[in-house]
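Here the structure is laid out as structure tokens; the discussion comes afterwards.
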Amino acid sequence: MRENQRVSDSVRRALPGFLAAAGAVALLGFEIADKGWAFFFQITLNGITLGAVYALIALGYTMIYGILKLLNFAHGDVYMVGAFIGYGVLTSLGGPLNPSVPVWLLIVLMFGAAMLGSGLLGVAIERFAYRPLRAAPRIAPLISALGVSFFLQNSALLLFGASYRSYDPFSLLGFGGAHFGSSVFISWIRIGVVIGAIALMLALIFLVGRTQVGKAMRAVSFDREAAAMMGIDVDRVIAATFFIGSALAGAAGVMFGLVFSQIFHFMGFLAGLKGFTAAVVGGIGSIPGAMLGGLIVGLVEQYAQGYLNGNWSDLFVFAILIVFMLVRPNGLLGTRAITKV
Amino acid sequence: MSDFPNNPEDTKVPAPPDAGDRPRVGVDEWVASVEGRRADRSLVLRARGRVPAPAQLVVVVAAVCALPFLLNSGDLFVYGLFTLLYALLGLGLNVVVGFAGLLDLGYVAFYGIGAYGYALLASPKYDLHWQAELAIPVVMVGTALIGLILGFTSRRLLGDYLAIVTLFFGQAFVVFVNNANPHNITGGANGIAPTDPLSIFGYKLTTTRQYYYFLVIAVLVVMAGLWSLLRSRTGRAWQALREDPLAAEMMGTPVNRLKILAFAFGAGIAGLAGVIFAAVSTGIAPGAFDTSVLITIYAIVILGGTGSLVGVVLGAVVINVTYEALSPSSPSTGRWVFYLALLIAVLGRIRPWPKLAAVVAGTAAFGFAVHAIAGAVSSSATAGPVTEGGSLTGFIKHWVVIPEHPGSAAKYAYVGLVVAVVALTRLSGWSRAIALVPVLYLTAFVWENLLIEQPAVARLIIFGALLIAIMQVRPQGLLGTSRVEIV
Amino acid sequence: MLKRVSLIASVAAFAALAIVVSAVAGPTSAAAKTVTCGSTRTIGVAAPITGAAASLGSQQLGWAQFYVTGWNKSHKTKYKIVQGDTQLPNAAEAIKVAQRFGSNSKILVVVGPAGSQEIQDTTAALRNAGLAFISGSATRTSLTDGSRKGYFFRVVPNDDQQAPAVANYITANLKSDHVFIIDDQESYSQGLADGVQKLLDAKNVKTTRDSVSQTASDFSSLIAKIPSSTKVIYIPWQLSAKAQLFGQQLKGAGKNIPLFGSDGLFDPDNFTIAGSYDSFFPVNVTSATIKAYASAHGGKPDYFGVPSYVAAQVAVNAVEKACKTGKGKTTRTAVRKAVASTKLTATLLGIPVSFTANGDVSGGGFSIYKIGSDGEYSKVG
């Protein structure tokens, strides 16, 4: 009797997820039958590229949430600053049409400068806007984060003006790419970005899983007081977390510039929302979750844009994500928190 | 961390000889600190405590009603009417966030639903011209029902996951209204215009002044309603839910039903605000209901102190008045606000009096000195005109260095200023006071040379800085209580 | 119980008092109020200076300021601009700006607002204040249906003039039989796209309609949707940078389909996809004024704002005329009349500016430009 009950219980719990997944597969199948496999592959590849950028932003959100239980709304603007730093390096070294150093070196410098700059900015924001509020109710740092976001966005507007700046990657790196069949194409830039994002994510997993710093981070995110009692310098670990998360956002900013070319002061706000979505969909606080969440959000967006009319695609994305959250209330890989009484 | 109580005689336990060195027996640190803080209330608060509450209310309401006679119509619109509209929205959000403790990031969608509901019922679009006494209840109930439906999601979702689903809902609303727009029901990006003015039993509200008084009545009625709701069984249950959901559930409060009810109430109030907004603005477009409005409402609620009704109204006043005073349409007001804010910041953080006087005098002297030196070095360094000087032109011209051709010096100065302010927080005591002098002067320099040229951008920068600063100074909000959170 | 009754009673009494008080006449209408002209006159400029459309508003503000600065240098009477940040698409801010301008008795005329939905929402406030508002970018045809007669003016031809020019060129010169139309989900874009689609359908040209958000940067899936048999892609967007991006991504995907833009995309600095077309006013791109502006703004001519220059020109000249006839004193009503009787034979837009009864510019026309392989714009139609 017990065995049957356990089986039926787990079936009942898994049923909504199963139904939703079956529905999604059915929808996709119908569209594939309608528009063909090549189209499906093309937009899947597009989704993976976009997803890689979102995943990097989501990682920053998730890391900071995991350690401070804070939704850092200024994260998107750190990403924007990274993109602008990369642009600054690009123009100071000759610009996309006439670079004064070899292209590969230029790209390395752009990434390096953006990651360093964004990381330092993240540390400064934490020190200045969040650390004094550690003992405050959880909603106070939220407003502080919004204030920082306003400040960064409009400082960029003040200093750089309102017009869009272009990385012009096609002049820098050309139009080349890989062709699959006659209609599926992905440019080298996009492949590079995906590989770069995966490399950064693997580096992060290594850092968090195998190094001392990573161990300290995990300890602090699990129980801050106990970690402090164990002799871990909590302030320094939190600063390191902010540095790494913000550096990843800066790298995402440069990647965005390289793939999608245009940067402007408002881009952080929009990307930040997507990154936040990705982090939560994947299960906030979980690093692999953020990566998967980014991928999911990117794919859903591209499928919706590819298969639906532009007027309905955004709405469909939200509907899918709402259903997803209702089916898996803790995100994809989020753990069901055990509340201590 | 524990402030020792001032009067050890207050305790029932006799004080041991080494009472000064350790916490009192039988009383834990936190309780002792609270008692200390209660006895420490400032002069203003104690004076306010002596005036009975109804008298305070009458004075405030009288002042609010006198406002239309002191301001012209345009100022009344932006300072008075919109403040009250935001206060109404804040009161509604306060029910969800402050009373029930749920993070609802899609709140602004209900505002939009209320506005579009009214626009569909009282405009030439479908040639319906419902009277306000019919339209308002219908729209409020409709919005509340939609809030109820959204509330159902809160059964499965907790905390930040609920936040994101409500955020999706809010975004989905704007996308639906702007893009999807089936059968052109919402007018797409053009919205619905014109909307009828509110017509209450035949009496049409047409001027700003009439809408202002209507809003005052609406805010008072909603506040009274929420006040009595807070003291009712439901209100107490909400507070229990906010403080500790698990314990509340153990005590038998119907947690899920309460959450849904909170959503419905908040949505209904937002619907009312939406109706008034649609009538006042004679036309609505999807852009008026996006995330920037949500951020403003959240700032109001949190700045005012979540859970406090008067606090929310106060928060609305502070935020909206500051925001509008810094508007690019009135740059001289903006200058006054800026310098006043600077002065208040300095006054508030530097005590005692001698140090404060030294800093202020030092900044003035430093400024005149730098101006004289710069003028002596090169005449074009101080030849630039003062923008929108007004009555302060003379003083500013001789105090702040305004070059004729600033170039990008002002932009570097801005970056330097940000770095300097961050560095300033690392100093303390006299070194901070001394370093403050050039930083204050640099602030004036950046303002006169860069920010005042782009007042629209400067407004948002100052707004952001203000949010950060207020949260640092008073994280619980103006009238919130510093609660201990049980994690 | 007594408390509740007294509460209700006091609210009712208060409501009655409020009705009585508000029925008392407010200040006299600002439209008829006489304003002394003085040596410095004020005009209001309403544009989206911050927010999502900041790149457009800053251009409009910049050009308006450029005209006023130029005027001040060469005339004895000086003009001052009061800015209003409308934060398109947040219509609430536009209404606030309109109300403020209305109450500022010094402001005699308004340049802007920019968006068609903003015009719609601010009409009541500006009309009650008696202000004329001259827009450089609100092109929706229905705005000049007569309900804003005498108050709303626009220096740019409306969608009903641009759409036929585009549709005719597509069918006559490009001889396309399949056109893919994409709008950017903004009011301006939807209006033009609707107009062109209707005209092309009437000429039996196959059209596919889609849309993309103005904030999108990834057009790859949209591009994948476009069949290779498409002859022209019509993109009546506002942001030239996005159009450039779209064109590059299109080329990157291997689809060499010519793009056709609208007046919002005329930007030889940003939109340089070879083989594309664009409809714009017959501006002389080599004019000295444009060069002067560009050198003062980091080399960027900011073509989107040129209509605001002309709007400021109309505004300033109208105030001058009204002040002269009023001998140093004028009212907003007089300025409105002066605006309505504007006759400029040559403007920076390349078209003469005078207004019809409903506020449209009479005699406006569009030219079609083609972008060459070196990114240069040349007039072809």
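Okay, residues lined up against (1) touching a residue at least 40 places away in the same chain (Cβ under 8 Å); (2) more than 14 Å from chain B (Cβ to nearest Cβ):
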site: A:L45; (1), (2): yes, yes
site: A:I64; (1), (2): yes, no
site: A:N72; (1), (2): yes, no
site: A:V78; (1), (2): yes, yes
site: A:L116; (1), (2): yes, yes
site: A:I139; (1), (2): no, no
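Comparison of B:T195, B:T234 shows that the only residue that is more than 9 Å from chain C (Cβ to nearest Cβ) and buried (at least 21 other Cβ atoms within 10 Å of the Cβ) is B:T195. Take the conditions closer than 20 Å to A:P137 by Cβ and in contact (Cβ under 8 Å) with a residue 24 or more places away in the chain and apply them to B:V310. Does it pass? Spelling it out, B:V310 is indeed closer than 20 Å to A:P137 by Cβ and in contact (Cβ under 8 Å) with a residue 24 or more places away in the chain.
For the stretch B:350-359, the set of residues classified as assigned to a helix (DSSP H, G or I) and surrounded by 12 or more Cβ atoms within 10 Å (Cβ to Cβ) consists of B:K355, B:L356, B:A358, B:V359, listed by residue number. Every residue in the stretch B:175-234 that is of a type in the set (G, A, S) and in a helix (DSSP H, G or I), please. Of everything in the stretch B:175-234, those that are of a type in the set (G, A, S) and in a helix (DSSP H, G or I) turn out to be B:A180, B:G188, B:A189, B:A218, B:A224, B:G225, B:S228.
Has the stretch C:266-281 got any residue that is surrounded by fewer than 19 Cβ atoms within 10 Å (Cβ to Cβ), closer than 24 Å to A:Q262 by Cα and among the charged types (D, E, K, R)? Yes, the conditions are met somewhere in the stretch C:266-281.
Residues that are crowded, with 20+ Cβ neighbours inside 10 Å, more than 9 Å from chain A (Cβ to nearest Cβ), in a loop (DSSP other than H, G, I, E, B) and among the hydrophobic types (A, V, I, L, M, F, W, C): does the stretch B:464-484 have at least one? The answer is no; no qualifying residue exists. Once the stretch C:238-259 is narrowed to residues that are assigned to a helix (DSSP H, G or I) and hydrophobic (A, V, I, L, M, F, W, C), the residue that is surrounded by the fewest Cβ atoms within 10 Å (Cβ to Cβ) is C:L250. When B:T186 is tested against (1) away from chain A (no Cβ under 14 Å); (2) out of contact with any His (no Cβ under 6 Å at 6 or more places or on another chain); (3) touching a residue at least 40 places away in the same chain (Cβ under 8 Å), just one condition goes unmet, and that condition is (1).
Only one of the numbered conditions (1) closer than 30 Å to B:G74 by Cβ; (2) assigned to a helix (DSSP H, G or I) is not met by B:A247, and that is (1).
Only helices (runs of 4 or more DSSP H) wholly contained in the stretch B:360-452 count here; list those with 3 or more residues that are touching a residue at least 60 places away in the same chain (Cβ under 8 Å) and assigned by TED's automatic domain parsing to the domain that holds B:L347. Counting at least 3 such residues, we get B:430-449.
Yes/no matrix, rows are residues, columns are (1) more than 9 Å from chain B (Cβ to nearest Cβ); (2) crowded, with 24+ Cβ neighbours inside 10 Å; (3) touching a residue at least 12 places away in the same chain (Cβ under 8 Å):
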residue	(1), (2), (3)
C:T50	no, yes, yes
C:V68	yes, no, yes
C:G84	no, yes, yes
C:I95	no, yes, yes
C:A98	no, yes, yes
C:S105	no, no, yes
C:L131	yes, yes, yes
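Taking (1) surrounded by fewer than 18 Cβ atoms within 10 Å (Cβ to Cβ); (2) within 14 Å of chain A (Cβ to nearest Cβ); (3) without any contact (Cβ under 8 Å) to a residue 40 or more places away in the chain in turn, C:K203 satisfies each apart from (2). Step by step: first the residues of the stretch C:208-237, then only those that are in contact with a Phe, Trp or Tyr (Cβ under 6 Å, 6 or more places away or on another chain) and touching a residue at least 60 places away in the same chain (Cβ under 8 Å), then the one that is surrounded by the fewest Cβ atoms within 10 Å (Cβ to Cβ). Which residue is that? So, considering only residues that are in contact with a Phe, Trp or Tyr (Cβ under 6 Å, 6 or more places away or on another chain) and touching a residue at least 60 places away in the same chain (Cβ under 8 Å), the one surrounded by the fewest Cβ atoms within 10 Å (Cβ to Cβ) is C:V232.
Just to verify a result, which residue in the stretch B:281-308, among those that are assigned to a helix (DSSP H, G or I) and within 8 Å of chain C (Cβ to nearest Cβ), is nearest to A:F73 (Cα to Cα)?
Residue satisfying both the conditions and the ranking: B:S292.
Exactly one residue out of B:S123, B:S73, B:S154 is within 14 Å of another protein chain (Cβ to nearest Cβ), touching a residue at least 24 places away in the same chain (Cβ under 8 Å), hydroxyl-bearing (S, T, Y) and out of contact with any helix residue (DSSP H, G or I) (no Cβ under 7 Å at 6 or more places or on another chain): that is B:S123.
Here the condition is being surrounded by fewer than 21 Cβ atoms within 10 Å (Cβ to Cβ), small (G, A, S) and within 14 Å of chain B (Cβ to nearest Cβ); of A:G161, A:G192, A:G196, it holds for A:G161 alone. The number of residues in the stretch B:198-228 being without any contact (Cβ under 8 Å) to a residue 12 or more places away in the chain and away from chain C (no Cβ under 11 Å) comes to 1. Being touching a residue at least 12 places away in the same chain (Cβ under 8 Å), of a type in the set (S, T, N, Q) and within 11 Å of chain A (Cβ to nearest Cβ) is a property that holds for C:Q244.
The number of residues in the stretch C:312-330 being surrounded by fewer than 16 Cβ atoms within 10 Å (Cβ to Cβ) and β-branched (V, I, T) comes to 1.
Comparison of A:F185, A:F175 shows that the only residue that is touching a helix residue (DSSP H, G or I) at 6+ places or on another chain (Cβ under 8 Å), under 30 Å from C:Q214 (Cβ atoms), part of a strand (DSSP E or B) and away from chain B (no Cβ under 14 Å) is A:F185. Considering the stretch C:213-237, and only residues there that are at pLDDT below 90, in contact with a Leu (Cβ under 6 Å, 6 or more places away or on another chain) and not charged (D, E, K, R), the residue that is farthest from C:G191 (Cα to Cα) turns out to be C:I223.
Within the set C:Q161, C:Q185, C:Q117, the sole residue that is within 30 Å of C:N256 (Cα to Cα), at the interface with chain B (Cβ under 8 Å from one of its Cβ atoms) and modelled with pLDDT under 90 turns out to be C:Q185.
Listed conditions (1) at pLDDT below 85; (2) of a type outside the set (F, W, Y); (3) touching a Ser or Thr at 6+ places or on another chain (Cβ under 9 Å) are all met by B:I350, apart from (3).
Would you confirm, using the coordinates I've provided, whether B:A278 is crowded, with 22+ Cβ neighbours inside 10 Å, assigned to a helix (DSSP H, G or I) and in contact with a helix residue (DSSP H, G or I) (Cβ under 9 Å, 6 or more places away or on another chain)? When the stated conditions are applied, B:A278 passes them.
Among helices (runs of 4 or more DSSP H) entirely within the stretch C:138-230, having at least 1 residues that are within 30 Å of C:A125 (Cβ to Cβ) singles out C:159-172, C:187-202. With respect to being in a helix (DSSP H, G or I) and surrounded by 14 or more Cβ atoms within 10 Å (Cβ to Cβ), B:F338 fits the description.
The values are calculated or read from the model by the stated rules, or taken from the named source; none is laboratory data. Since the structure is predicted, the reported quantities are computational estimates derived from the model, not experimental observations. Cβ atoms come from the backbone with ideal geometry, glycine included; neighbour counts cover every protein chain shown.
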